[in-house]
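Some notes on the structure that comes next.
The values are calculated or read from the model by the stated rules, or taken from the named source; none is laboratory data. Because the structure is predicted, anything quoted here is derived from the model rather than measured. Here Cβ is always computed from backbone atoms with ideal geometry, including for glycine, and neighbour counts include all displayed protein chains.
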Amino acid sequence: MSGFSHLDDRGEVAMVDVSGKPGTMRTARASGYITMLPETLQLLQSGSMPKGNVLTAAKIAGIQAAKQTAHLVPLCHQLNLAWVDIGFSVERDRIVIEAVARTREATGVEMEALTAVSVAGLTIYDMCKAVDLTMEIGGIRLESKSGGKTAHMTTLRPRTAILVMSDSCSSGLQEDRSGKLLQQGFEEAGCVDVELSVVADDAEEITAALQRAIGNGAELVVTSGGTGLGPRDVTVDTLQPMFTRRLPGIEQALLQWGQTKVRTSMLSRLSAGMIGPVMVICLPGSPGAAKDALEVLVPPVFHAFSMIQGEGHA
């Protein structure tokens, strides 16, 4: 949704930080109704209401309200709405209101759709109250939402292995943080028993670690480290020649998102490809790069494994 409250460390409400989420196309649909006397509905349909065309005014009011949601609901994010529409269905004793809102942002538009329905209902009430004080607004609810994580609702989760390439971490001189972040992120996304290994920046050790992971049944191998320009950064040089297919879309998405955070990410040689049926994604070794990768990859990358199994794009 476009904003919700939670308790911060001091027990106070706070706006949700969505700065770490990439923008995607998001849609929300909401509905509600307003009941009234049959005689009121007849006046409305015949255009005999004292204040004029009720449904036209309600539609305009609802659209305007959707655009003002962040000013009405304190902790909602201000969104650049791509489209809002409102429709009405006249029944025997009520008018059903439906609203659709769409945006390409880092958070959803549920509150905008719900606000549109609410204000459309209030406008109908205002324009009809002179002839009917029995009216009642109700049933306001979210009907559906799409985009963001809900755009990739496949339940399939690949068997995943994380390989960390680091001389200092493999020798015990430094604690691994990036690999643990990746392991935690994929497990929280539903991957079970994510294997984590740490090896030195050495071509033979990297190759052996990858072969072990694949031999243990890994379908997705995510590496961390060895993608820079240093003399010991050999991960990409070692693994890329093994790729049977390149995955340039994943590479581009990771690079583009990384450059919105750190401009020097353009110097990374991150890489992605398939080794037979196994997907391999080579990431930079910093904790920031691990967090960025999780934001980009989870959950959209899981859809690839449905495609690999021949399930198509549905």
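Looking at (1) within 27 Å of the chain's Cα centre (by Cα); (2) surrounded by fewer than 23 Cβ atoms within 10 Å (Cβ to Cβ), find the lone condition where D93 falls short.
(1)
If you check L181 against the conditions, is it hydrophobic (A, V, I, L, M, F, W, C), in contact (Cβ under 8 Å) with a residue 60 or more places away in the chain and closer than 14 Å to L297 by Cβ?
Working: hydrophobic (A, V, I, L, M, F, W, C): yes; in contact (Cβ under 8 Å) with a residue 60 or more places away in the chain: yes; closer than 14 Å to L297 by Cβ: yes.
Spelling it out, L181 is indeed hydrophobic (A, V, I, L, M, F, W, C), in contact (Cβ under 8 Å) with a residue 60 or more places away in the chain and closer than 14 Å to L297 by Cβ.
Can you tell me which residue is surrounded by the fewest Cβ atoms within 10 Å (Cβ to Cβ) among those in region 257-286 that are among the basic types (K, R) and either under 23 Å from A106 (Cβ atoms) or free of Cβ contacts under 8 Å to residues at least 40 places away in the same chain (or both)? Quick ask: steps written out before the conclusion?
First, pick out the residues of region 257-286 that are among the basic types (K, R): 261, 263, 269.
Now drop any that are not either under 23 Å from A106 (Cβ atoms) or free of Cβ contacts under 8 Å to residues at least 40 places away in the same chain (or both), which leaves 261, 263.
Working: K261: 14, R263: 9.
Once the filter is applied, the top-ranked residue is R263.
Taking the stated definitions as given, is A289 in a loop (DSSP other than H, G, I, E, B) and either touching a residue at least 40 places away in the same chain (Cβ under 8 Å) or surrounded by 18 or more Cβ atoms within 10 Å (Cβ to Cβ) (or both)? Steps first, please.
Working: in a loop (DSSP other than H, G, I, E, B): no; either touching a residue at least 40 places away in the same chain (Cβ under 8 Å) or surrounded by 18 or more Cβ atoms within 10 Å (Cβ to Cβ) (or both): yes.
Taking the combined requirement at face value, the residue does not satisfy it.
Cβ-Cβ under 6 Å, sequence separation 6+ or interchain: first residue in region 109-123 and within 10 Å of R29 (Cβ to Cβ), partner among the hydroxyl-bearing types (S, T, Y). Which pairs?
V109/S2; V109/T103
Looking at region 231-258 only, could you name the residues that are in a helix (DSSP H, G or I), over 11 Å from I281 (Cα atoms) and among the polar types (S, T, N, Q)?
Residues satisfying the conditions are T238, Q252, Q256.
From V131, V164, V199, grab the single residue that is β-branched (V, I, T) and closer than 30 Å to S46 by Cα.
Result of the check over V131, V164, V199: V131.
Take region 82-99 and flag every residue that is more than 20 Å from T56 (Cβ to Cβ) and not small (G, A, S).
Answer for region 82-99, where residues must be more than 20 Å from T56 (Cβ to Cβ) and not small (G, A, S): R92, D93.
Restricting attention to region 44-66, which residues are outside any loop (DSSP other than H, G, I, E, B) and buried (at least 18 other Cβ atoms within 10 Å of the Cβ)?
L44, V54, L55, A58, K59, A61, G62, I63, A65, A66
Got at least one residue in region 6-14 being assigned by TED's automatic domain parsing to the domain that holds E136, among the β-branched types (V, I, T), surrounded by fewer than 20 Cβ atoms within 10 Å (Cβ to Cβ) and at pLDDT below 75?
Within region 6-14, one or more residues are assigned by TED's automatic domain parsing to the domain that holds E136, among the β-branched types (V, I, T), surrounded by fewer than 20 Cβ atoms within 10 Å (Cβ to Cβ) and at pLDDT below 75.
Quick one: which of L210, L196 is among the aliphatic types (A, V, I, L, M) and either at pLDDT below 95 or touching a Gly at 6+ places or on another chain (Cβ under 9 Å) (or both)?
L196
Exactly one of these conditions fails for K261: (1) at pLDDT below 90; (2) closer than 19 Å to L182 by Cα; (3) not in a loop (DSSP other than H, G, I, E, B). Give me its number.
It is condition (3) that K261 fails.
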